[in-house]
Amino acid sequence: MVLMQRISGWGRYPQVKACVSAAETPSCIADRIARWKDCIARGSGKSYGDSALSGRILWMEPLNRILSFDATQGEVVCEAGVSLAKLIDVFLPRGFFLAVTPGTKLITVGGAIASDVHGKNHHRAGCFSSCVNWFDLMLADGRIVRCSREENGDLFRATCGGMGLTGVILKAGIRLQRVVSAWIDQRIVYCRDLDAVLAAFDTYSHVTYSVAWIDCLKTGKALGRAVLMVGEHADSGGLVPPQPRRLSVPFTFPEGVLNPMSIRLFNAGYAWMHRRNEGESRVPIDAFFYPLDGIEQWNRMYGPRGFLQYQFVLPRSEGADGLYAILSAIAAEGMGSFLAVLKLFGPANDHFLSFPMEGYTLALDFGIRPGLFAFLDRLDRLVVRFGGRIYLTKDVRMSPGVFRSGYPGLDRFLEIKAAVDPQNRFRSLQSSRLMEGACMC
Amino acid sequence: MHVLIVGANSDLAVCLAETFARFEKPISLVLASRNIERLSATARDIEVRFNVPCTAMTFDALDMDSHPGFYESVHPKPEWVILCFGYLGDQRKAEQDWGEARAILETNYVGAVRFLEIVAADLEKRRTGGIIAIGSVAGLRGRKSNYHYGAAKAALMVFLSGLRNRLHASGVRVMTVLPGFLATKMTRNMDLPGVLTTRPEQAARLIHLAWKRGKDIVYVPWWWRWILWLIRMIPENRFKAMNL
């Protein structure tokens, strides 16, 4: 079944008209690929920008069956459209949890592999792909190949983080970690400035999970005021998580509800709340990992024009100077974002387009408004100067030059893509923007 | 308890299978439908998630000669049979194209009768269990937007009421389900009024509750009974000029 729909990424910018085909079986995907000149797979549509947008979309969420589970190895085999939420619902009560989870569970396994997502434990566990034992990939010619580190290793490394451009992930074997509790022992550390939070990351580097929220509107001495949250799986409390409260943003907010004033207010309140709660507490897994999943469609808060998330990483050696320069630029411009997340990554993996590298990553939300793109181009130059890169899953406006300078594995990736998809039949608006100049010449 | 679900690829059927697997242990499920590729994945999903035996079988409602052989091959014989196959079709097309009209009538009514008589004979003999069949509120009053579908479902519901009457003596239950607007594959490209639309997992839960309470006819959700009562109160000479 193919439908014409107006769709967008999570940032609700840009919105495009697309033919959307529901992928219910591998054979209906093969059929669709053979008929369309090009297309891109899309999971839950939670990547912010245009990486899962195109005129022709394979909507993978209907392909959402769990196929088997091996409790001794902790390996679950599931179709690519299975959401992380479903895996948690099924396996947390049995004492298993995702070995790597990003900040939302409302994404699909296929999307998690294609973006090679990371979580609060990246410094210890690596990217999502580190818990992917293998996956089956449908290529442009309809062939299905098994990819793992041993089998078709290059294709495995190109597909993990490859944004769906090598083929369509059909099913995967995922390794889960054993847990004994559905709770997290959390510690909140209030940090007065950037130096304090960077030092705190080092102090708590032995803790499994860590992430910091940073107030990017602060200038001068308080620049980089932050709240570091670290956590460890609890050893008691039971495996059945409490039912979370669910809120929803029922309509698109009008333009300008989120402005520097309201964001300043929010940030002050948020910092105050956490300063009061400093210290240790025990929180449910949902509250620790997925605070925003509790608010359905929170992307509507940014109004009709939508928003984007700007996430970059700077190498560890340049981290302090780079963050200082970039945070100063953001604060000076008053372009604050109320969700600014800072994290220290562990070592990079050897995938050609995976985002994380050892260093500091900062993610900021910005409402789309005049002047924003020019401002972000300036930030891009800083990121490039400090040897960093920008996350494709969040990107909607980066230039091919900035992309190329951040991803030295690009040439190798394009070679592998050319071998399995010579006609470039898997393409998104993002890949057309960033890669086509490069691979067609 | 052994349960057979035919037309098991529909969203409502999958949700019913999940609901029964979750709440009615010990249970074994047989899912049957035309597209076995999709269905085998569904069966494995239910097996893994709920730790119950669940198998997939091929079944084509329109291939009526195959029905006896199919039921013969189901082992163990089910106590409960849930009939979920249906075909909404394209009303406009059906008005001009007999093939479409026929597919609507045969899937929703003729195929159902063919299959349910086979099931009824077996259950009546074993004096156990029963049948749950999905009708539709569209079968309560003919509207220009889907009267082929509505007529077939209306016929099915009359058939079910007769069957219920007949099987009552042998202690076999027949439950008629009348769902309103469901947000399913079938209705995805229709513009349905949001507040009137029910999610299939919600509907499955309501059907399961009604089944537990021994209901004969259940509207899903309950207030459709009153909406339909209102719609049926409209005199025909007014109704014929309306766009409902």
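Read-outs: derived from the displayed coordinates by stated rules, not from any lab. Fair warning: this is a prediction, and the values are worked out from it, not measured in the lab. So basically every Cβ, Gly included, is an ideal-geometry build from the backbone, and we count neighbours across all protein chains shown.
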For the stretch B:5-50 and the stretch B:90-138, what is the centre-to-centre distance using only Cα atoms, to the nearest Å? 20 Å
Need one number: nm distance between label points at A:Ala71 and B:Asn51, each 7 Å from Cα along Cα→Cβ, rounded to one decimal. 0.6 nm
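Compute for the protein assembly as shown: radius of gyration divided by Kirkwood radius, i.e. Rg/Rh, restricted to C-alpha atoms, rounded to two decimals. It would help to have the intermediate numbers written out before the result.
Working: Rg = 27.7 Å, Rh = 27.4 Å.
When Rh is taken as the Kirkwood radius, the ratio is 1.01.
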Along the stretch B:4-21, what does the Karplus equation 6.51 cos²θ - 1.76 cosθ + 1.60 (θ = phi - 60°) give for ³J(HN,Hα), rounded to whole Hz, x for Gly and Pro? 10, 10, 9, x, 7, 7, 6, 4, 5, 5, 4, 5, 5, 4, 5, 5, 5, 4
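Can you sort A:Lys46, B:Lys93, A:Lys120, B:Lys240 by how many other beta carbons sit within 10 Å, fewest first? Working shown, then result.
Working: A:Lys46 21, B:Lys93 14, A:Lys120 24, B:Lys240 9.
The most exposed by this proxy come first: B:Lys240, B:Lys93, A:Lys46, A:Lys120.
How would B:Cys54, A:Cys160 line up from fewest to most surrounding beta-carbon atoms within 10 angstrom?
Details: B:Cys54 25, A:Cys160 28.
By the 10 Å Cβ count, ascending: B:Cys54, A:Cys160.
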At 0.36 nm per residue, and after removing the present C-alpha to C-alpha distance, how many nm does the segment from B:Glu79 to B:Glu117 gain when stretched out fully? 12.2 nm
Set of the stretch A:247-269 residues, backbone N closer than 14 Å to the point 7 Å along the Cα-Cβ line of A:Met301: A:247-254, A:256-269
Value at 222 nm in deg cm²/dmol, rounded to 500, when DSSP H runs of n ≥ 4 in the protein assembly as shown each add -39,500 (n - 2.57): -10000 deg cm²/dmol
Only counting other Cβ atoms within 10 Å, I'd like A:Ile295, A:Ile88, A:Ile184 sorted with the fewest neighbours first. A:Ile295, A:Ile88, A:Ile184
Angle in degrees between helix B:111-126 and the longest Cα principal axis of chain B, rounded to the nearest 10: 40 degrees
DSSP beta bridges in the protein assembly as shown, what fraction antiparallel, as a percent rounded to 5? 65 percent
To the nearest 0.05, how large is the calculated FRET efficiency for B:Arg232 and B:Arg199 if R₀ is 22 Å and r is the Cβ-Cβ distance? 0.25
How high is the FRET efficiency between A:Glu280 and A:Lys17 when r is their beta carbon distance and R₀ equals 51 Å, given to the nearest 0.05? 0.50
Set of the stretch A:330-344 residues, backbone N closer than 17 Å to the point 7 Å along the Cα-Cβ line of A:Thr219: A:330-337
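Taking the Cβ-Cβ separation of A:Asp235 and A:Leu3 as r and a Förster radius of 45 Å, what is the calculated FRET efficiency to the nearest 0.05? Numbers along the way, then the final one.
On the way: r = 48 Å, r/R0 = 1.08.
E(calc), rounded to 0.05, equals 0.40.
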With label points set 7 Å from each Cα along the Cα-to-Cβ direction at B:Ser161 and B:Lys93, the distance between them in nm comes to 3.2 nm
In whole Å, what is the distance between the alpha-carbon centres of the stretch A:382-437 and the stretch A:165-189? 27 Å
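Taking K and R as +1 and D and E as -1, what net charge do the other residues with C-beta under 11 Å from the C-beta of A:Lys417 add up to?
On the way: positive: A:Arg412, A:Arg425, A:Arg427; negative: A:Asp154, A:Asp411, A:Glu415, A:Asp421.
Counting the neighbours of A:Lys417, the net charge comes to -1.
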Can you tell me, using C-alpha contacts under 8 Å and at least 6 residues apart, the relative contact order of the stretch A:137-228 as a whole percent? 23 percent
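Under DSSP H, which helices of chain A have Cα atoms covering 27 Å or more of the helix axis and a Kyte-Doolittle average no less than 0.5?
Values: long enough: none.
Within chain A not a single helix satisfies the rule.
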Report the net charge of residues surrounding A:Glu255, where surrounding means a beta-carbon distance below 10 angstrom and charges are Lys +1, Arg +1, Asp -1, Glu -1. +2
If amide H atoms are built 1.01 Å from N in the plane of the peptide, which residues on other chains or at least 5 residues away come under 5 Å of the amide H of A:Phe96? A:Val179
